[in-house]
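Engineer: Take this structure first; my questions come after.
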Amino acid sequence: MAKKGRLILFSGPSGVGKDTLLDILFEKCPDLQHSVSVTTRAKRDNETEGKDYHFITVSDFKKMQKDGEILEFNKYNGNYYATPKKPIDNWLKNGKDVILKIDVHGTENIENLYKDCCLSIFILPPSIEVLEKRLRQRGTESEEDLQGRMKIAISEIKKSEEYDYRIVNDELEKAADEILAILDK
Ligand code: ADP
Ligand code: 5GP
């Protein structure tokens, strides 16, 4: 029987380095598929439509939801984030491994929907202080947004014990190598 793909659920608090690590993983593993989410939050200057997210309006989101195009969604810090349904099943059927950048609620929902093929990885910061410093240095959030993200981070980190693997992103290359080893790549 053909090998079924895996759903790799990739989580961690805002600013921990998920996107930075994903850039390395996708470069080193061109066979990994990236489930690009839709979001209603504003695009950051360093982001590309279709690569980082599909940036949509709230009414687009509601329409996708009504049309059954959404696998799971969450409202995070005031904006909707959702996984489009269509590509996932095709990739899995064709034996592809798929990475989803997703928050802790999304992970729980996907694990309930796909019971036999999920692998969850949570990225931790070396400390809360380092996390805040990284978020500030990135310089993409207002102070209010940043404070909201830090508050959510603390509750997300508490949930990290429910993940299959927890990786500390201190030294970037080391963290990337640890993830590649987990994925057997
Ligand atoms: P996330 O996608 O989790 O929100 P980013 O990938 O945008 O986080 O990273 C947040 C900031 O931290 C960026 O400025 C990035 O360059 C920096 N960063 C990521 N990983 C490390 C690391 N291991 N050491 C130092 N800085 C890092
Ligand atoms: P950011 O605004 O920093 O890009 O993302 C905020 C949070 O939303 C992160 O925790 C990220 O993992 C999560 N996220 C991104 N896409 C999705 C998605 O499709 N579904 C869910 N549930 N969370 C997502």
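The values are calculated or read from the model by the stated rules, or taken from the named source; none is laboratory data. Small disclaimer: the values here were computed from a predicted structure and weren't measured. Backbone-built Cβ (ideal geometry, glycine too); neighbour counts: all protein chains shown. Ligands, DNA and RNA are excluded from the accessible area calculation, which covers all protein heavy atoms including side chains. Shrake-Rupley method; radii C 1.70, N 1.55, O 1.52, S 1.80 Å.
Engineer: Please turn the phi angles of region 87-95 into ³J(HN,Hα) values with the Karplus equation 6.51 cos²θ - 1.76 cosθ + 1.60 (θ = phi - 60°), one per residue in order, whole Hz, x for glycine and proline.
Structural biologist: Result, ordered by residue: x, 4, 5, 4, 4, 4, 4, 8, x Hz.
Engineer: I've got another one for you. Based on the mean of other beta carbon atoms within 10 Å per residue, what is the order of 161-172, 113-124, most packed first?
Structural biologist: In decreasing order of mean packing, 161-172, 113-124 become 113-124, 161-172.
Engineer: Now, a different point. Return a whole-number percent for the relative contact order of the chain, with Cα pairs under 8 Å and 6 or more residues apart as the contact set.
Structural biologist: 34 percent
Engineer: How big is region 1-70 by the Kirkwood estimate over distinct Cα pairs, in Å?
Structural biologist: About 14.4 Å, per the Kirkwood formula over Cα pairs.
Engineer: Oh, and also: For region 5-133, with the dipole built from +1 on Lys and Arg beta-carbon atoms and -1 on Asp and Glu ones, taken about the Cα centre, which of 25, 35, 64 lies farthest toward the positive end?
Structural biologist: 64
Engineer: When ligands, DNA and RNA are left out and all protein chains stay put, how many square angstrom of accessible area per residue does region 1-141 have with a 1.4 Å probe?
Structural biologist: Roughly 51 Å² per residue, with all protein chains present.
Engineer: Viscosity 0.692 mPa s, temperature 37 °C: give me the Stokes-Einstein translational D for region 115-176 in µm²/s, with Rh taken as the Kirkwood radius over C-alpha pairs.
Structural biologist: Rounded, D is 253 µm²/s.
Engineer: Percent antiparallel among DSSP beta bridges with both residues in the chain, to the nearest 5?
Structural biologist: Close to 30 percent.
Engineer: Relative contact order for region 34-97 using alpha-carbon pairs under 8 Å, separation at least 6, rounded to a whole percent? Don't skip to the answer; put the middle values down first.
Structural biologist: Values: 79 pairs, mean separation 22.7, N = 64.
Computed over region 34-97, the figure is 35 percent.
Engineer: Would you mind telling me the share, in percent, of accessible area of the chain contributed by carbon and sulfur at probe 1.4 angstrom?
Structural biologist: Reported share for carbon and sulfur atoms: 50 percent.
Engineer: Let me know the Kirkwood hydrodynamic radius for the chain, please, with Cα pairs as the basis and the value in Å to one decimal.
Structural biologist: Numbers: mean 1/r = 0.0589 Å⁻¹.
Roughly 17.0 Å, rounded to one decimal.
Engineer: Below 14 angstrom from the Cβ of residue 24, what's the summed charge of the other residues (Lys, Arg +1; Asp, Glu -1)?
Structural biologist: -2
Engineer: Give the distance, in whole Å, between the Cα centre of region 38-61 and the Cα centre of region 128-184.
Structural biologist: 21 Å
Engineer: Another question about this same structure. Quick one: net charge around residue 117, please, counting Lys, Arg +1 and Asp, Glu -1 for every other residue with C-beta under 9 Å from its C-beta.
Structural biologist: Here the charged neighbours net out to +2.
Engineer: Once you have the alpha carbon radius of gyration of region 8-114, what is it after dividing by 2.2 N^0.38 Å, with N set to its residue count?
Structural biologist: Working it through for region 8-114, the quotient is 1.04.
Engineer: First select every other residue whose beta carbon is under 14 angstrom from the beta carbon of residue 106; then total the charges, Lys and Arg +1, Asp and Glu -1.
Structural biologist: The answer is -1.
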